[in-house]
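Below you'll find the structure, written out as structure tokens, and then a few comments.
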Amino acid sequence: MALQSGKGFGFLFEMGCGKTLTAIATLGTAYKLGNIEKVLIIAPTSVCSVWPKEFEDYADFKSVVKVLLGDKNKRIKALSDLENFPFKALKVAVINYESTWREEIFEALYKWNADMIICDESQRIKTHDAEQSKAVHKLGDQARYKLILSGTPVQNNVIDLYSQYRFLDPTVFGTNFYQFRNRYAIMGGFNRHQIVGYRDLDQLIQKEHSIAYRVTKNEALGLPEQTFLERRIIMSAKEKNIYDRIRRESFTELDDRGQVTVTTTTVLTKLLRLQQFTGGFLIADGQDKVEFVSKGKLNALEEIIDDYVVDARKKLVIFARFRPEIDLIGQMLKKKKIRYGEIYGDVKLEARGDIVKDFQTNKDTKVFLAQIDTAGLGITLTAADTCVYYSVNFNYAAYSQSLARIHRIGQKNTCTYIHLITEGTVDETILKALAKKEDLAKTIVDEWRNYF
């Protein structure tokens, strides 16, 4: 890709095909050539915290990456600190879409004047007159280089493309949305306000691809059969304080018992409570009432569902460990009017076959929601090639079996697994153990201090 000042390019890669890695390689090349020094990355909230880790893993050039978090003043200060970073390195600011247009934050971003702006999951600016879209357009108009990353730039209708390309390169489709719509859409319905068809789509696609590169899972040479991704959730200060208090109390209670009296059950029970908190809920000791304390993971999951199910119209499998999580996710799916099937412990055995069959054969059933201990074994869910882990259990064998629900005979696509991870919590510890193919229950007594 040759960089042209004032222009942009699109990496339209399906999920798991390496668009983030390709973007980092592009940034590195541009930085080493002396074309860029400051980069602004705009991403969905749950993706923002993934970028520093991706730079750490893949960048072979010096960079400093700051995720702009917290209230307005904290975000502006983080940007100022990045501006004043004293050593030579590519300066990268990462912010979520919803914050770009907020008062004073937009002005600070505009004043910072990034050399390159990347819109990750650029379908988030598909609505041309939304505040965040207009803010991103203005920021893009002054940037020398622009990049969009998306697996689904055209979703429910081709009109979604206009706003993304208005940011990327206004010369492709112009700067007037209504002229674009009238050129490619056929209007009808009441007062001719509804899109009833399209025209000249071959020309539209040709223009789209004139400054973009498309990669699908089926086309990606060398792509592994299974691709693992993470969406990272950052706790608020209040949530972190509660989590740390529970962790300290658990550690103190276990430490007071002494090494001889600490059992696998007691340690796992304490870990379970921490894991429940990262999933968004707590159950007080001796009580059955569930208290919901956080929506971090639920919001991250909703972003994935919006992109993958609502917009791309693909099927999705979601595994969660705890029944309150299943209930919370189910409520969200109902609110979004998404048809789904679910299996958890209380679902009768004789009913489960029909639930699986409906997901496999009914095009309108888009989501399969399952408790990992109940539905992680013995069923086929190959109608989907993507699976989200809202939470996992501590048993590697059970986790491994759940991976095979979509990755089995009958699956024609590369399988993608997305883990929702709350940063700085037991989520990270559990996932590291599973990556080593360890069963926590077998090692937990001797190493319990490592988990708190």
Note on ALA397: of the conditions (1) without any contact (Cβ under 8 Å) to a residue 40 or more places away in the chain; (2) part of a helix (DSSP H, G or I), unmet is (1)
Condition check: within 20 Å of GLY341 (Cα to Cα) and surrounded by fewer than 20 Cβ atoms within 10 Å (Cβ to Cβ). Does ASP385 satisfy that?
no
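Conditions (1) small (Gly, Ala, Ser); (2) under 30 Å from GLN360 (Cβ atoms); (3) open to solvent by less than 10 Å² (accessible area, probe 1.4 Å), marked per residue:
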site	(1), (2), (3)
TYR243	no, no, yes
ARG257	no, no, no
ALA312	yes, yes, no
VAL317	no, yes, yes
GLU325	no, yes, yes
Answer yes or no as to whether GLY197 is over 13 Å from LEU12 (Cα atoms), modelled with pLDDT of 90 or more, touching a strand residue (DSSP E or B) at 6+ places or on another chain (Cβ under 7 Å) and not hydrophobic (A, V, I, L, M, F, W, C).
no
Only residues that are under 22 Å from the mean Cα position of the chain (by Cα) and part of a helix (DSSP H, G or I): list them for the range 75-101, please.
ARG75, TYR97, GLU98, SER99
Is one or more of the residues making up the range 402-420 open to solvent by 10 Å² or more (accessible area, probe 1.4 Å), modelled with pLDDT of 90 or more, among the aliphatic types (A, V, I, L, M) and assigned to a loop (DSSP other than H, G, I, E, B)?
no
Against the definition (within 26 Å of ASN299 (Cβ to Cβ), crowded, with 18+ Cβ neighbours inside 10 Å and in contact (Cβ under 8 Å) with a residue 60 or more places away in the chain), how does SER49 come out, yes or no?
yes
Could you tell me whether the range 102-112 includes any residue that is in contact (Cβ under 8 Å) with a residue 40 or more places away in the chain and part of a strand (DSSP E or B)?
no
Checked against (1) surrounded by 15 or more Cβ atoms within 10 Å (Cβ to Cβ); (2) in contact with a helix residue (DSSP H, G or I) (Cβ under 7 Å, 6 or more places away or on another chain); (3) free of Cβ contacts under 8 Å to residues at least 40 places away in the same chain, ILE117 satisfies every condition except (3)
Go through the residues of the range 185-192 one by one and say whether even a single one is open to solvent by 70 Å² or more (accessible area, probe 1.4 Å) and in contact with a strand residue (DSSP E or B) (Cβ under 8 Å, 6 or more places away or on another chain).
no
Could you check how many residues of the range 296-310 are under 10 Å from GLY280 (Cβ atoms) and either β-branched (Val, Ile, Thr) or open to solvent by 20 Å² or more (accessible area, probe 1.4 Å) (or both)?
2
Could you tell me whether VAL154 is modelled with pLDDT under 95, assigned to a loop (DSSP other than H, G, I, E, B) and β-branched (Val, Ile, Thr)?
yes
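The values are calculated or read from the model by the stated rules, or taken from the named source; none is laboratory data. Just so it is clear, the model here is predicted, and its values are computed rather than measured. We place every Cβ from the backbone using ideal geometry, glycine too, and count neighbours over all the protein chains shown. Heads up: the accessible areas ignore ligands, DNA and RNA and are worked out on the full protein's heavy atoms, side chains in. Shrake-Rupley method; radii C 1.70, N 1.55, O 1.52, S 1.80 Å.
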